[in-house]
Amino acid sequence: MPIACGVSVAVAGCGDESKSVRSASRELNIQETSRAPRPRGKAPESRIASGPEYAFYVDGSQSMAGYVGCRVKPTEYDEILDRIAVDFGVTTMTRFGSVAGSRDLLRSSAIDASVHCPAFYNRAQNPDAELFRLFLEDSTSRTNLYLTDGVQSDLSATQSPSVNALREWLRRGHPLAVLAFRSRFSGRGWSEARKAWAGEWRVNDRPFYVYVFARTDAALDRTLSRLSSDLSGRALTIRFGDTAARCSASPASLPHEASDLSPPWLLLGVSTTAKLVRQPSPVLQISCALRAESPLSGLRFDADSVKYGRWTGRTFAYPSDAPAGTSFNGDSTVASKGGFRSYVSARLADDQTTRFGYFALQLVPGRIDVLPGVVALSTNSDIDRSTARQTYRFSWVVEQLLRTQIERTLPRLTYFFTVTYR
């Protein structure tokens, strides 16, 4: 057991040892920080050919037929479809989907009365993943708009391929927006869970969506700015991309003897260490600033790696196992103006073998919380008309895209602190 400096001596005592501990801690900070992966940030812009600024695609599957009023009594869907055409100056659209036994997925046509009648929506399959891959391979600089109910309405399609294609879009550094609307609906409803029609559904506010695939944040900003006040006022705008959330870490408000903020490091005194031994308390605060359109409402962090060093009197024996009973957990998330704060709490176990202990944490994103407005659009079961006001697993899709966004821009956080046991 190392020789103690005396139980009545504060951490600043034994001056040479205290200085050595600080110096050795900072050396380990630098060593560990150099190993940590960096956020990938924005992807380099590729040279892409010019062309029409916007292309408009409409999901032509049969589950969409209930949205239209066929000009007898226009629905909100009818109005919004026409408004999109006006706002973006498009006169043609591409119907997406295929009939049984055919792989003819795309059919271009004028935006006319036919798109407002059920007969237009006669496609049995809408493999969205294939459409999204076409967008990924698009060599032009245009922005693609896709109008859909968000339902994989065929026997073979599942959500995973489509979600994977959307995640790849984000991984390549392209932003994505989803505009959520509601409309009167009267028609057959398709159950993704049962892979079958689920009877006649009649509701006044069934969700539908416009996916906006833009190459850059500037292009997405320009696209959203073109929405008329009538259209933007009806939409819940959900935005993903490198600029949708920014997070930074700093030490929590703990009494400490010394600190450095870059990277975050604290030297905790005897009384503070004793408090962390008695009960878990926050040691790290992560502050996240969000764009107004971000669907993220909270994010907790998990300790992916915990390294520990015991002070030997001259240096740290590092890395070694932390004392049994030591743990680090994502704690409460608190809303703040323009974002939220998340905390990581520590529960320490006393180390009787040393006077100082050094901790190096690598933290990764854990549980993700999405906005209540997004959750309200979603259902985990769509087997009957009682869930016609919601979209099957929509909040799960949003959560997967948020995780991709967060992993791309914030792969992990590093945090270091040194404790004084006695």
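The values are calculated or read from the model by the stated rules, or taken from the named source; none is laboratory data. For clarity, every value in this text was computed on a predicted model and none was experimentally measured. We place every Cβ from the backbone using ideal geometry, glycine too, and count neighbours over all the protein chains shown.
What pairs come out if I take residues in region 401-418 that are within 24 Å of Val21 (Cβ to Cβ) and pair them with residues that are β-branched (Val, Ile, Thr) whose C-beta lies under 6 Å away, six or more apart or interchain?
Every condition considered, the pairs that remain are Thr414/Thr33.
If you check Val334 against the conditions, is it hydrophobic (A, V, I, L, M, F, W, C), in a helix (DSSP H, G or I) and assigned by TED's automatic domain parsing to the domain that holds Ser25?
No, not satisfied.
I need every pair where a residue in region 85-112 that is touching a residue at least 24 places away in the same chain (Cβ under 8 Å) has its Cβ under 6 Å from the Cβ of a residue that is part of a loop (DSSP other than H, G, I, E, B) and of a type in the set (Lys, Arg), sequence separation at least 6 or different chains.
Within 6 Å, the pairs are Asp87/Arg226.
Of these, Leu266, Leu254, Leu227, Leu284, which one is under 26 Å from Ser20 (Cα atoms) and part of a loop (DSSP other than H, G, I, E, B)?
Leu254
May I ask you to list the residues in region 257-268 that are surrounded by 19 or more Cβ atoms within 10 Å (Cβ to Cβ) and under 15 Å from Phe356 (Cα atoms)? Before you say what the answer is, go through the steps one by one.
Within region 257-268, the first condition is being surrounded by 19 or more Cβ atoms within 10 Å (Cβ to Cβ), and the residues that meet it are 264-268.
Passing the criteria: Trp265, Leu266, Leu267, Leu268.
Write out, first by first residue and then by second, each pair whose Cβ atoms fall under 6 Å of each other, whose residues are 6+ apart or on separate chains, and whose first residue, in region 184-213, is touching a residue at least 60 places away in the same chain (Cβ under 8 Å) while the second is aromatic (Phe, Trp, Tyr) and outside any strand (DSSP E or B).
Phe185/Tyr67; Phe213/Phe135
Would a scan of region 341-355 turn up a residue that is of a type in the set (Phe, Trp, Tyr), in a strand (DSSP E or B) and in contact with a helix residue (DSSP H, G or I) (Cβ under 7 Å, 6 or more places away or on another chain)?
No, because not a single residue in region 341-355 is of a type in the set (Phe, Trp, Tyr), in a strand (DSSP E or B) and in contact with a helix residue (DSSP H, G or I) (Cβ under 7 Å, 6 or more places away or on another chain).
Within region 235-267, count every residue that is closer than 24 Å to Lys337 by Cα and among the charged types (D, E, K, R).
3
Restricting to region 287-303, give me the number of residues that are under 14 Å from the mean Cα position of the chain (by Cα), assigned to a strand (DSSP E or B) and more than 17 Å from Phe359 (Cβ to Cβ).
Qualifying residue count, region 287-303: 8.
So which residues in region 329-354 are crowded, with 21+ Cβ neighbours inside 10 Å, over 20 Å from the mean Cα position of the chain (by Cα) and farther than 13 Å from Tyr308 by Cα?
Passing the criteria: only Ala346.
How many of the residues making up region 61-79 are within 23 Å of Ser232 (Cβ to Cβ) and in contact with a strand residue (DSSP E or B) (Cβ under 7 Å, 6 or more places away or on another chain)?
Here the count works out to 4.
Being modelled with pLDDT of 95 or more and surrounded by 20 or more Cβ atoms within 10 Å (Cβ to Cβ) is the requirement here; does Leu170 meet it?
Spelling it out, Leu170 is indeed modelled with pLDDT of 95 or more and surrounded by 20 or more Cβ atoms within 10 Å (Cβ to Cβ).
As an exercise: evaluate Pro372 against (1) closer than 30 Å to Arg184 by Cα; (2) crowded, with 19+ Cβ neighbours inside 10 Å; (3) of a type outside the set (Val, Ile, Thr) and give the number of the one condition it does not meet.
The one condition Pro372 does not meet is (2).
So the check is Cβ under 7 Å with 6+ separation or different chains; which pairs have a first residue in region 226-245 that's closer than 18 Å to Leu145 by Cβ and a second one that's of a type in the set (Phe, Trp, Tyr) and modelled with pLDDT of 95 or more?
Listed by first residue and then by second, the contacts come to Arg226/Phe88; Arg234/Phe181; Ala235/Phe181.
Restricting to region 294-332, name every residue that is farther than 30 Å from Lys19 by Cα, in contact (Cβ under 8 Å) with a residue 24 or more places away in the chain and of a type in the set (Gly, Ala, Ser).
Scanning region 294-332 gives Ser294, Ser297, Gly298, Gly330.
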